[in-house]
Number of protein chains: 2
Amino acid sequence: MTPERLARIKATLDRRQPDLRVLTDQIHKPRNISAVIRSCDAFGVANMHAVWPREGYRAFRKTAGGSHHWVTTHTHADMAPAIAELRASGHRIYAAQFSDRAIDYRDADFTQPCVLVLGNELDGVSDEAAAEADQHVIVPMMGMVESLNVSAACAIILAEAQRQRSEAGMFDQRRLPDEEYERLLFRWCQP
Amino acid sequence: MTPERLARIKATLDRRQPDLRVLTDQIHKPRNISAVIRSCDAFGVANMHAVWPREGYRAFRKTAGGSHHWVTTHTHADMAPAIAELRASGHRIYAAQFSDRAIDYRDADFTQPCVLVLGNELDGVSDEAAAEADQHVIVPMMGMVESLNVSAACAIILAEAQRQRSEAGMFDQRRLPDEEYERLLFRWCQP
Ligand SMILES: C[S@@+](CC[C@H](N)C(=O)[O-])C[C@H]1O[C@@H](n2cnc3c(N)ncnc32)[C@H](O)[C@@H]1O
Ligand SMILES: C[S@@+](CC[C@H](N)C(=O)[O-])C[C@H]1O[C@@H](n2cnc3c(N)ncnc32)[C@H](O)[C@@H]1O
């Protein structure tokens, strides 16, 4: 490993946000999961949580541009326990979901510890998860098609979260807990 | 056609932006083109321009969520004439491209007549097109992977363009020329 590479790894870890997470609700296309993970990496999200589709899930490694290596993936059996666990660890639950109570994503406060819940390609966020969410956020659209691709919605919302956290100075100081920092530093330095 | 459907079509056409365009430089994955078109539809882009990859191009209709129907696609043989034509019609050329002269996409003025040039999955924007561009715009990233998926970058930048144009009141009044408006209204009303 070159000194430049090590410096880059450390700089990335220094900006990782432990309290900005993504939770996917049975997204089933590997390429969408891949693109979500790639955006997580780009915008400082260290942890991605997933409830995999019932019909099982194929590998997504190839199309992620290698980003699966840089984002820790947590599997949950169901949305209810996933949300309960994330809430218990202090996260607000923001569901990317069309509804009467949905607000513009730019009006949500992403400097709070929070998890962005993304729904699947066909059914969106499942009913129970949507009901459980603290807030529904949407990217306003003005076209004929009813929704964005889920990875496009994810990219847009995470870019806004990063903008807000950047303004709040949340990338200026290391925020990962020591244990997670050391563990990731060790793993990322493996060839 | 229901009156609601017709009203929706008209409302969409009323917000279409004739002078906000996208030009893709040999993007070769159909799913990426599809996602780009879907974001165009969502953010008011009426016209998508493309130079297809040399190795030819397969259909992308299936995965576009039907959005190919709502965005007019223009094919160009090469980037140089495409850029020349768009510039001649008054558009500034903004290339989504990493370079020394790249600026944060939020600092670019998308209320100007402009075209967003997107590069392909492997080589980015081709050299001649990058050299021709008035400005290079990038979405700042803080991860280990070097780039976003092209459709993610497109979604983020068009969402910003829409935000700027919305603030500037550019969606409050119809902006499509009569001829294009009538032609699209007719076509969109076909079953
Ligand atoms: C293709 S959409 C699912 C559409 C589904 N038919 C529905 O009605 O919810 C997949 C996911 O992408 C996200 N999404 C798509 N467009 C969005 C938008 N404009 N704002 C926020 N989230 C969006 C949501 O999480 C959604 O569940
Ligand atoms: C996968 S990238 C191509 C990467 C290519 N290896 C390069 O170095 O340019 C495909 C296209 O997505 C767009 N893109 C990806 N990430 C971007 C970012 N952070 N800012 C602006 N555009 C981006 C650019 O247009 C780029 O040409």
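Those strands (runs of 3 or more DSSP E) of region B:1-101 in which at least 2 residues are crowded, with 21+ Cβ neighbours inside 10 Å, considering only elements entirely within it, cover B:20-25, B:47-51, B:92-96. Filtering region A:87-107 to residues that are more than 19 Å from residue A:127 (Cβ to Cβ) and touching a residue at least 40 places away in the same chain (Cβ under 8 Å) leaves A:90, A:91, A:92, A:105, A:106. Would you confirm, using the coordinates I've provided, whether residue B:148 is touching a Lys or Arg at 6+ places or on another chain (Cβ under 7 Å), among the aliphatic types (A, V, I, L, M) and either without any contact (Cβ under 8 Å) to a residue 60 or more places away in the chain or facing chain A (nearest Cβ under 8 Å) (or both)? Considered against the rule, which asks whether it is touching a Lys or Arg at 6+ places or on another chain (Cβ under 7 Å), among the aliphatic types (A, V, I, L, M) and either without any contact (Cβ under 8 Å) to a residue 60 or more places away in the chain or facing chain A (nearest Cβ under 8 Å) (or both), residue B:148 comes out as yes. Restricting attention to region B:109-142, the residues that are within 12 Å of another protein chain (Cβ to nearest Cβ) and more than 10 Å from ligand 2 (Cβ to nearest atom) total 1.
Looking across region A:112-159, the residues that are more than 6 Å from ligand 1 (Cβ to nearest atom), touching a helix residue (DSSP H, G or I) at 6+ places or on another chain (Cβ under 7 Å) and open to solvent by 40 Å² or more (accessible area, probe 1.4 Å) come down to A:128, A:132. Residues that are polar (S, T, N, Q) and either in contact with a strand residue (DSSP E or B) (Cβ under 9 Å, 6 or more places away or on another chain) or touching a residue at least 40 places away in the same chain (Cβ under 8 Å) (or both) were ranked within region A:160-172; the one that is surrounded by the fewest Cβ atoms within 10 Å (Cβ to Cβ) is A:164.
Could you list, in sequence order, all residues of region A:102-111 that are exposed (fewer than 14 other Cβ atoms within 10 Å of the Cβ) and closer than 18 Å to residue B:158 by Cβ? A:104, the sole residue that qualifies. Screening A:4, A:85 for residues that are of a type in the set (Asp, Glu) and within 14 Å of chain B (Cβ to nearest Cβ) leaves exactly one candidate, A:4. Residue count for region A:162-180, restricted to those that are under 27 Å from residue B:40 (Cα atoms) and more than 12 Å from every other protein chain (Cβ to nearest Cβ): 1. Which members of region B:150-182 meet the condition of being more than 16 Å from ligand 2 (Cβ to nearest atom) and assigned to a helix (DSSP H, G or I)? The answer is B:162, B:163, B:164, B:165, B:166, B:167, B:178, B:179, B:180, B:181, B:182.
The values are calculated or read from the model by the stated rules, or taken from the named source; none is laboratory data. Since this is a predicted model, take the numbers as computed values, not measurements. Virtual Cβ from ideal backbone geometry, glycine too; neighbours counted across all protein chains shown. Please note that ligands, DNA and RNA were not included when accessible areas were found on the heavy atoms of the full protein model with its side chains. Shrake-Rupley method; radii C 1.70, N 1.55, O 1.52, S 1.80 Å.
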